[in-house]
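The values are calculated or read from the model by the stated rules, or taken from the named source; none is laboratory data. Given the structure is predicted, the values throughout are model-derived calculations rather than measurements. FYI the Cβ positions are ideal-geometry reconstructions off the backbone, even for glycines, and counts take in every protein chain you see.
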Amino acid sequence: MTKSRFKRVLLKISGEALMGSGEYGIEPAMVNRIAGDIKEAVDLGVEVCLVIGGGNIFRGVSGAAVGMDRAAADYMGMLATVINSLAVQNALEKQGIITRVLSAIPMATVCEPYIRRRAMHHMEKGRVVIFAAGTGNPFFTTDTAAALRASEMGCDALFKGTKVDGVYTADPAKFPNAKKIDKITYLEVLSKDIRVMDAAAISLARENNIPVVVFSIKRPGAFAELMRGRGECTIVMEKEVQNG
């Protein structure tokens, strides 16, 4: 079996990725497929942790836009991420992968509270760890939570699963001539306001020198391919690391 080039990684996927062909909610077939992709990576010997968004159920920013208090809306969004995390945990465990959900908002009946040392212990034991409820604070996105947890866990890279296989010069759905960018620096992403992740997440990844790998979660097997050092993606990292 081909060995992975990574020891420990964090996979960030949006809640919308769990919808499959639906308009909202969770499509079990899609969740099972993503779980299969994660299992492939685990079978290569990679320690995997996840952060899952909640946009398929409730998005705090959207709630605030229609008149809700932003903090209350964000807390509702955090609870949505717990639902998604439990769904992915169930799918992974059906495939024989021991999984733990750790929530930044304590809810002992359904999952463990987030404690850094406990999360590290689970990962060292080869368990997949899903970080739920974002950072536990309103006004922070799950992208920022992903960069924070990747930093705390000492991950080799942060993988951002999206609808497309990387970063383009323009929206490829609207502009067929848009060109894919293979490598880009953190500063370029920030200065050009490229919507890879929010600015706080990119800044945190840069501060801790964690490469952000943008790839298509919609393509089966793409995550495991990247673990082997192959596949289509865009890498966000420091310029001197790129050239070195």
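Of all residues in the stretch 174-229, count the ones that are among the hydrophobic types (A, V, I, L, M, F, W, C) and closer than 24 Å to M30 by Cα. Steps first, please.
Of all residues in the stretch 174-229, those among the hydrophobic types (A, V, I, L, M, F, W, C) come to 175, 178, 181, 184, 187, 189-190, 194, 196-197, 199-202, 204-205, 210, 212-215, 217, 222-224, 226-227.
Those left that are additionally closer than 24 Å to M30 by Cα: 196-197, 212-215, 217, 222-224, 226-227.
Count: 12.
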Of the residues in the stretch 131-189, how many are closer than 14 Å to N208 by Cα and either out of contact with any helix residue (DSSP H, G or I) (no Cβ under 9 Å at 6 or more places or on another chain) or among the charged types (D, E, K, R) (or both)?
-> 3
Does any residue of the stretch 1-12 turn out to be aliphatic (A, V, I, L, M), surrounded by fewer than 17 Cβ atoms within 10 Å (Cβ to Cβ) and either within 17 Å of E93 (Cα to Cα) or under 17 Å from the mean Cα position of the chain (by Cα) (or both)?
-> no
Go through the stretch 20-58 and count every residue that is under 16 Å from the mean Cα position of the chain (by Cα) and within 18 Å of T142 (Cα to Cα).
-> 9
With the condition kept exactly as written, say whether any residue in the stretch 80-98 is among the β-branched types (V, I, T), in contact (Cβ under 8 Å) with a residue 40 or more places away in the chain, within 22 Å of A200 (Cβ to Cβ) and buried (at least 16 other Cβ atoms within 10 Å of the Cβ).
-> yes
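Residues are listed down the side, and each one gets a yes or a no for (1) in a helix (DSSP H, G or I); (2) surrounded by 14 or more Cβ atoms within 10 Å (Cβ to Cβ):
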{"position": "I38", "(1), (2)": "yes, yes"}
{"position": "V42", "(1), (2)": "yes, yes"}
{"position": "I57", "(1), (2)": "no, yes"}
{"position": "A64", "(1), (2)": "yes, yes"}
{"position": "A71", "(1), (2)": "yes, no"}
Extreme residue, farthest from V236 (Cα to Cα), among residues of the stretch 166-216 that are at pLDDT below 95, in contact with an Asp or Glu (Cβ under 8 Å, 6 or more places away or on another chain) and assigned to a loop (DSSP other than H, G, I, E, B) | A178
Test R230 against the criterion of being of a type in the set (K, R), surrounded by fewer than 21 Cβ atoms within 10 Å (Cβ to Cβ) and within 20 Å of E152 (Cβ to Cβ), and give yes or no.
-> no
Give me the pairs, please: first residue somewhere in the stretch 41-70 and modelled with pLDDT of 80 or more, second residue anywhere and assigned to a strand (DSSP E or B) and among the aromatic types (F, W, Y), beta-carbon distance under 6 Å, and either six or more positions apart or on two chains.
-> V51/F131
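Would you point out which residue out of R117, R149 is assigned to a helix (DSSP H, G or I) and either surrounded by fewer than 20 Cβ atoms within 10 Å (Cβ to Cβ) or touching an Asp or Glu at 6+ places or on another chain (Cβ under 7 Å) (or both)?
Numbers: R149 fails: either surrounded by fewer than 20 Cβ atoms within 10 Å (Cβ to Cβ) or touching an Asp or Glu at 6+ places or on another chain (Cβ under 7 Å) (or both).
Only one candidate passes the filter, namely R117.
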If we keep just the residues of the stretch 156-212 that are over 17 Å from the mean Cα position of the chain (by Cα) and hydroxyl-bearing (S, T, Y), which is surrounded by the most Cβ atoms within 10 Å (Cβ to Cβ)?
-> Y186
Out of the stretch 17-36, which residues are within 22 Å of M197 (Cβ to Cβ) and either touching a residue at least 60 places away in the same chain (Cβ under 8 Å) or not in a helix (DSSP H, G or I) (or both)?
-> A17, L18, I34
Which numbered condition K3 misses (of (1) in contact with a Leu (Cβ under 8 Å, 6 or more places away or on another chain); (2) modelled with pLDDT of 95 or more; (3) among the charged types (D, E, K, R)) = (2)
